[in-house]
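Step one of this worksheet: look at the structure below.
The values are calculated or read from the model by the stated rules, or taken from the named source; none is laboratory data. Being a predicted model, the structure only gives us computed values, none of them experimental. FYI the Cβ positions are ideal-geometry reconstructions off the backbone, even for glycines, and counts take in every protein chain you see.
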Amino acid sequence: TQLTLSNGIKVLLKKTDFKNDQIIYSSFSKGGTSLANDSEFKSAQMVGLIAQNGVGEFNPTQLNKLLAGNTGRGGTYIGDLYQGFSGSASPKDLETSFQMLYAYATTPRKDAEIFNKKISDIKVGMANKNADPSSVFSDTTQAVLSSYHKRAMPFNLEDLDEVSLDKAFSFYKDRFADAGEQTFVIVGAFDMNTIKPLIETYIASLPSLNRKQDYVDAGIRAPKGKISKTVYKGLEDKASVELFIHGDYEFNAENNVQLDALKAALEIKLLERLREKESGVYSPSMSLSVEKYPSAHYYFNISFSCAPANVEKLIAASLDEVNKIKSSGASADDISKYKSEEQRQIELSLRDNNYWLNYITNRLKNGEDLGQLLKNKQRLDGISSESTKIAAQKYLTEDNYIRLVLLPEKK
C-alpha cells in the first residue's frame, strides 16, 4: 500500500504476520552531512549527539522514566547522504513512537551540559588513540581508502575543539525543517484502519517547505592504481594485513549476485589455504562491499593477522588464490554450497520484518524495481564456474590494488 500525504511525504506499508507484536519503520530523504559547509562540517559530524540531549522539555533520564513499560520508540538520524526517521513499537504503543519522531523533528532539545560531557568523554576515549597500533592502522586504512580527502579523515582531538553545540544544533534543525521529500517504509503487524489516522496525525503534520534537496557529492573516492603502505607501530610480535581489490562498475542486481558468488567462492579457498595449508594465520576474513551512490564502486577486502615473518608469504598465497579463480573460476562444489546457502538465507529472510524494511528501503533509494526479489532464483541459476571466471577476470584485476600492512616498530 502506498500513501502520499498532504505535506508531500510518501509512505509505503507492508503488512506482515511473522510477529504479532512488532511494527518497525524508517524513512529517508537526500541531504545528510554532505550539505554542511566547511565551517560547520566538524560540528555536523557530531550531530548525532543532539538526539542524546533528550527531546522537548525532557532530559534523557526524564524521558526514560516517561517511557517505562512502553515499547514505542522513535527518533531521527543524519547520515552522509540522507537524513530521516526510524522507530519501532508493538501495535498498542505505535502512537508513542510517532509522537517521539514528531517531537525529535520539531522540538529537539539543546543541553550544553550533556553535550559538553559527551564531547569530553569522547576526548578521554581518544587521548591514547595514537599509542594504540590497531587504532593507528585503522585510521591509516580509512585515510588511504578515501585518498586522504579532508571530509573523510578520521576524527582527532583538534577536530573536537572545532565542534560547536550551536552549529550542530542549527544544522540538525535545518535538516528536519522540511520533511516533505521523506519516504517512509512501515513493516509489521499493523491494522490499516488504526495506523492510517496515526500517520495522518503525526507524519502528515511534519513540516514541509517544498524545498528540492539533493546531497552534494564531495568527490570522496578510493585511490586508483597500486598503493602500498606499511605502518610501524607497537612492540608486539604481530602483523596485520588489509588487501583491497576495488573498482568502478555498473551497479545492478545481476552484477551484484556475480560479485557475491565470487566473494563466497574466494572466501572458501582463502580460509582453506591460509588456515590449513599455510597455518600461522589468525582470523583471516574476506568481505565484499558495494555502493551505488555517490559513485558505483565495489571493494573486495582480504584481511588477516600473522607473525611479521610470514607477511610476504601469506600475501603471495592470497593473491595466488585470486589468480586461480581468475584462470579456472569457482569449483562446482563451491558454487553449489553458495547456491544452497543463499536459497536458505532467502527463505529465512522472507519471514523477517527487518529484511523487508531494508529490502524495500534500498530498492527505493537505488531507484530499483521492488519486484527484484522475484528473479532471485533466476539470477542464482545464472551462476556457474564459467560465470565466476568471467566475473573474476573483470572485477579481480589488480589495476586498483591497495596493500596495507601493520608491523611492530623497528628496534
* Within the group Lys263, Lys277, Lys269, which residue is in contact with an Asp or Glu (Cβ under 6 Å, 6 or more places away or on another chain) and of a type in the set (Lys, Arg)? -> Lys269
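Residue by residue, here is whether (1) in contact with a Leu (Cβ under 6 Å, 6 or more places away or on another chain); (2) part of a strand (DSSP E or B); (3) buried (at least 20 other Cβ atoms within 10 Å of the Cβ) holds:
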site	(1), (2), (3)
Gly234	no, no, no
Val241	no, yes, yes
Ala265	no, no, yes
Ser287	no, yes, no
* Asked: Out of all the residues in segment 168-188, is one or more exposed (fewer than 12 other Cβ atoms within 10 Å of the Cβ) and not assigned by TED's automatic domain parsing to the domain that holds Arg351?
  -> no
* Asked: Do we find a residue being modelled with pLDDT of 95 or more and either surrounded by 14 or more Cβ atoms within 10 Å (Cβ to Cβ) or under 22 Å from Glu267 (Cβ atoms) (or both) anywhere in segment 344-353?
  -> yes
* To do: Scan segment 298-318 and give yes if some residue there is in contact with a Pro (Cβ under 6 Å, 6 or more places away or on another chain), surrounded by 18 or more Cβ atoms within 10 Å (Cβ to Cβ) and under 24 Å from Arg275 (Cβ atoms), otherwise no.
  => yes
* Asked: Can you tell me which of Tyr232, Tyr215 is touching a Lys or Arg at 6+ places or on another chain (Cβ under 8 Å) and under 30 Å from Ala131 (Cβ atoms)?
  -> Tyr232
* Where in segment 99-198 are the helices (runs of 4 or more DSSP H), entirely inside, with at least 1 residues that are acidic (Asp, Glu) and at negative phi? -> 112-126, 133-145, 157-162, 165-175
* Asked: Of the residues Thr230, Thr194, which single one is polar (S, T, N, Q), outside the structural domain of Phe244 (by TED's automatic domain parsing) and out of contact with any Phe, Trp or Tyr (no Cβ under 9 Å at 6 or more places or on another chain)?
  -> Thr194
